[in-house]
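Okay, structure first, notes after.
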There are 2 protein chains.
Amino acid sequence: MSTLHRRALLSLTAGAGLLAAGCANTTSTATTPAAPALQGTGDLGVVIERALGALTLVNTSTRQAIGRVEGLGDLSHASVVFSRDGRYAFVFGRDGAATRVDILAQKITHRVMQAGNSIGGAISDDGRLVVAQNYTPGGIKVFDAATLELLADVPATMPNGQRSRVVGLADLPQRRFVYSLFDAGAICIADCSDPRQPKVTTLPNIGKQPYDALLSPNGRTYIAGLFGEDGLAMVDMWAPKLQVRRILGGYGRGEQPLPVYKMPHLRGWAIAGQHAYLPAVGRHEVLVVDTTTWEEVGRIPVAGQPVFVMARPDGRQVWVNFSVPDYHRVQVIDTPSQTIIDTLEPGKAVLHMEFTPRGESVWISCRDSHQVQVYDTHTRQLQASLKVDAPSGIFFTARAQRMGF
Amino acid sequence: MSTLHRRALLSLTAGAGLLAAGCANTTSTATTPAAPALQGTGDLGVVIERALGALTLVNTSTRQAIGRVEGLGDLSHASVVFSRDGRYAFVFGRDGAATRVDILAQKITHRVMQAGNSIGGAISDDGRLVVAQNYTPGGIKVFDAATLELLADVPATMPNGQRSRVVGLADLPQRRFVYSLFDAGAICIADCSDPRQPKVTTLPNIGKQPYDALLSPNGRTYIAGLFGEDGLAMVDMWAPKLQVRRILGGYGRGEQPLPVYKMPHLRGWAIAGQHAYLPAVGRHEVLVVDTTTWEEVGRIPVAGQPVFVMARPDGRQVWVNFSVPDYHRVQVIDTPSQTIIDTLEPGKAVLHMEFTPRGESVWISCRDSHQVQVYDTHTRQLQASLKVDAPSGIFFTARAQRMGF
């Protein structure tokens, strides 16, 4: 655990003690609404308050906080998926808790401590199954999305009898899920069509220590990053026989290892048109890769070590944030010209960005300024500023409509 | 009007008298709910009842009708867009009415007769403006999405003083809208950033009689079909200077004109990976076009004259329906192999198809069987069958999250 955690999570935990004493949430009066009015869910979302273990609920049409839900435990690392109807957020916390939050009623409906140490979750395309990926004890667990009843416990047992940490979980069609085993160097596909009896297919020898992974927006290409060596492991999920192909042999710390302040998130990778835009590891560059050959075709110099490299939904822009010490900046790449067209300074310790579904706005969490900043992506003018205590991840309900989360 | 209407709309109106006497709607008791419960909107949708001028409201998680709204007028041709929150459906009817329906409360909130003859509408990316495209009087009208208050009337006046019919309307970012002028052979972009004073840019001489158009899913490529000649007119909306390029010179009735029973809908065009799949006009073929060169690279023989050629959201499948006399069939193309993998017979007079957002199901309207059939796209097994009176268009709220509708 130690090396992976020290590197990957150092910057995520560094700010936990920086809580500004006077930072009252502006919407605390909305915590216990008396009789919630009818409301659509297509423009709602949640912001993780990482220090207080709470969610700020937001509306992207009014660009305001609409409520708050407390009692989610340790959210120093957290991820969220949504029910098909957009009403429920499933929050996976660092402490192994899985919590189902009713965004409309603004309350927790179900909560289970399902592991000692967890790194995220996913939801099946039919919305019926929620799966958690766990470090301790290593494996995945399958839950009924309506009740959080445990349907199956799938340990990631290695040939030596020990269990591997699980990373890089993503949903595939037909109640299948793909994930990687950090300690076993393997990629697994769990078919949960019979959710109490999942069938697991394992692809071994994919490379040393996969630490994160992504699924392309169309669900076809699964790519795992390797912590223990350079390069990446790729699987074509549409192939009749699944097999691993190694790509981008130089990806990683490369021939001249550099200090890496934070391993970039693979899930942030942008695929726009024919190109993928990747955070270089340890270098102040964004790599441009042709998605037909998976060869590098260019590098764009940026203002620091990139963490998230995210495409606006139309692919015309790619937004980049950075690790310490450059995490007060955000840069914007214009993809047709592959040049940087803007550098913003939204606040202190930019941790995450989320685009509205049609891309007209981007929401940026600034942990140490206790602000979420909303920008017009076309003009880069500030549209709104929300006070939120130590915000980290931002998740909008439109994620329910997409694969690979 | 005559030629266009006779060809394009004949099959849309042919079935209006075929109403089965005993076809009661199964959910009529839900028409006036007493106190609507809290409900997410991400998995809701509407089905046009074309003969009765009503909507059947549906839930794609339970695969059931959840209610019904009447009083929408002439829906013999109708299209729908949704508010950002997924709560409101804006219905544009053949008779020139624009109606705002509250899907949660199951009632009409606003309704205006805004033209004598209308062909559809669009909504701005910020959700504030709704625009209708009208045949009579020719032009567009801009409305406040919250109230349907008229903000601007933009006549499509030609140099000779007469007005052109408007077709092919789609939303662009930043409160802009693109559309085509059937009688003027032009493409227009209306900038409604000041909605009471739209600024219109006109690209003239695009070709004879554009009759429909589509915008690619990323909002970059606008393509208008030409009724008066072969070929298509394309505009790159990201170019610094907008200009029209003619593509696919043989597209249309071609060197050997064939009887055309129904002009195919351009909006159904599938763009999957690097290829677009297009309905051939009058021929029993789907054309495969490379979207980098816009050259034809293949043809797939199909069971009739294609009408809608639609990609499943992941692009792995393309589903095709047909004009009379083959409109009882639906075919499924596997895009990696470009072969037909299934032929279904869902019912009589298949008019429309809509995929669930993550593509696990497809809903198919069978007008003359008074059924909407729901299929698992992976297994092609029937998942549900809903009784709906003369169903035509099916629209799910996830459309609110996408450009180009």
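When the residues of the range A:111-127 are filtered to those that are over 19 Å from A:Ile187 (Cα atoms) and not hydrophobic (A, V, I, L, M, F, W, C), the one that is farthest from the other protein chains (Cβ to nearest Cβ) is A:Gly116.
Looking at A:Gly219, is it surrounded by 15 or more Cβ atoms within 10 Å (Cβ to Cβ) and without any contact (Cβ under 8 Å) to a residue 40 or more places away in the chain? So A:Gly219 does not fit the description; no. Across the range A:332-357, the qualifying residues are those that are within 14 Å of chain B (Cβ to nearest Cβ) and part of a loop (DSSP other than H, G, I, E, B), and the one among them that is surrounded by the fewest Cβ atoms within 10 Å (Cβ to Cβ) is A:Ser337.
Looking across the range A:188-202, the residues that are over 14 Å from A:Ala122 (Cα atoms) and not in a loop (DSSP other than H, G, I, E, B) come down to A:Cys188, A:Lys199, A:Val200, A:Thr201, A:Thr202. Reported count of residues in the range B:72-92, each being aliphatic (A, V, I, L, M), assigned to a strand (DSSP E or B) and more than 13 Å from the chain's Cα centre (by Cα), is 1. Restricting the range B:80-110 to residues that are among the polar types (S, T, N, Q) and crowded, with 22+ Cβ neighbours inside 10 Å leaves a set whose member that is nearest to the other protein chains (Cβ to nearest Cβ) is B:Ser83.
Counting just the residues of the range A:203-222 that are closer than 13 Å to A:Gly185 by Cα, hydrophobic (A, V, I, L, M, F, W, C) and outside any loop (DSSP other than H, G, I, E, B), which one comes out modelled with the lowest pLDDT? Write out each step before concluding.
The initial filter retains those residues of the range A:203-222 that are closer than 13 Å to A:Gly185 by Cα, namely A:203-213.
Right, trim to hydrophobic (A, V, I, L, M, F, W, C) and you get A:203, A:206, A:213.
Remaining after also requiring outside any loop (DSSP other than H, G, I, E, B): A:203, A:213.
Working: A:Leu203: 97, A:Ala213: 92.
Filtering the range A:203-222 for residues that are closer than 13 Å to A:Gly185 by Cα, hydrophobic (A, V, I, L, M, F, W, C) and outside any loop (DSSP other than H, G, I, E, B), the one modelled with the lowest pLDDT comes out as A:Ala213.
Quick one: which residue in A:Arg358, A:Arg329 is more than 16 Å from the chain's Cα centre (by Cα), charged (D, E, K, R) and farther than 30 Å from A:Gly121 by Cβ? First the steps, then the outcome.
Values: A:Arg358 fails: farther than 30 Å from A:Gly121 by Cβ.
Of A:Arg358, A:Arg329, the one residue that is more than 16 Å from the chain's Cα centre (by Cα), charged (D, E, K, R) and farther than 30 Å from A:Gly121 by Cβ is A:Arg329.
If I go through the range A:18-62 residue by residue, how many of them are more than 14 Å from A:Arg87 (Cα to Cα), within 14 Å of chain B (Cβ to nearest Cβ) and at pLDDT below 95? Give the steps one after another, and end with the answer.
Going residue by residue through the range A:18-62, those that are more than 14 Å from A:Arg87 (Cα to Cα) are A:18-35, A:47-56, A:60-62.
If we keep only those that are within 14 Å of chain B (Cβ to nearest Cβ) too, we end up with A:33-35, A:60-62.
Now drop any that are not at pLDDT below 95, which leaves A:33-35.
Looking only at that region, the number is 3.
Of the residues examined, A:Gly393 is not one that is of a type in the set (Gly, Ala, Ser) and assigned to a loop (DSSP other than H, G, I, E, B).
Here A:Gly225 meets the list (1) touching a helix residue (DSSP H, G or I) at 6+ places or on another chain (Cβ under 6 Å); (2) outside any strand (DSSP E or B) almost entirely, failing just condition (2).
What about B:Asp95, is it of a type in the set (Asp, Glu) and assigned to a strand (DSSP E or B)? Considered against the rule, which asks whether it is of a type in the set (Asp, Glu) and assigned to a strand (DSSP E or B), B:Asp95 comes out as no. Just one of the listed residues (A:Asp102, A:Asp125, A:Asp153, A:Asp95) is free of Cβ contacts under 8 Å to residues at least 40 places away in the same chain, farther than 28 Å from A:Ala51 by Cα and among the acidic types (Asp, Glu), namely A:Asp153.
More than 12 Å from chain B (Cβ to nearest Cβ) and either more than 22 Å from A:Val302 (Cα to Cα) or charged (D, E, K, R) (or both): is that true of A:Glu360 in this structure? Spell out how you get there, then give the answer.
On the way: more than 12 Å from chain B (Cβ to nearest Cβ): no; either more than 22 Å from A:Val302 (Cα to Cα) or charged (D, E, K, R) (or both): yes.
No: the conditions fail for A:Glu360.
Inside the range A:253-281, can you point out the residues that are modelled with pLDDT of 85 or more and touching a Lys or Arg at 6+ places or on another chain (Cβ under 8 Å)? Steps first, please.
Within the range A:253-281, the subset modelled with pLDDT of 85 or more is A:274-281.
Residues satisfying the conditions are A:Ala280, A:Val281.
If you check A:Ser385 against the conditions, is it more than 14 Å from every other protein chain (Cβ to nearest Cβ) and touching a Lys or Arg at 6+ places or on another chain (Cβ under 6 Å)?
Numbers: more than 14 Å from every other protein chain (Cβ to nearest Cβ): yes; touching a Lys or Arg at 6+ places or on another chain (Cβ under 6 Å): no.
So A:Ser385 does not fit the description; no.
If you filter the range A:285-310 down to residues that are in contact (Cβ under 8 Å) with a residue 40 or more places away in the chain and touching a Pro at 6+ places or on another chain (Cβ under 9 Å), you find that the one that is farthest from A:Val235 (Cα to Cα) is A:Gln305. Among the residues making up the range A:128-149, those that are assigned to a loop (DSSP other than H, G, I, E, B), away from every other protein chain (no Cβ under 14 Å) and either in contact with an Asp or Glu (Cβ under 8 Å, 6 or more places away or on another chain) or touching a residue at least 12 places away in the same chain (Cβ under 8 Å) (or both) are A:Pro137, A:Gly138, A:Thr147, A:Leu148. Restricting the range A:317-331 to residues that are without any contact (Cβ under 8 Å) to a residue 60 or more places away in the chain and surrounded by 22 or more Cβ atoms within 10 Å (Cβ to Cβ) leaves a set whose member that is farthest from the other protein chains (Cβ to nearest Cβ) is A:Phe322.
The values are calculated or read from the model by the stated rules, or taken from the named source; none is laboratory data. Quick caveat, the model's predicted, so the values are computed rather than measured. Neighbour counts are summed over all protein chains in view; Cβ atoms, including those assigned to glycine, are modelled from backbone coordinates with ideal geometry.
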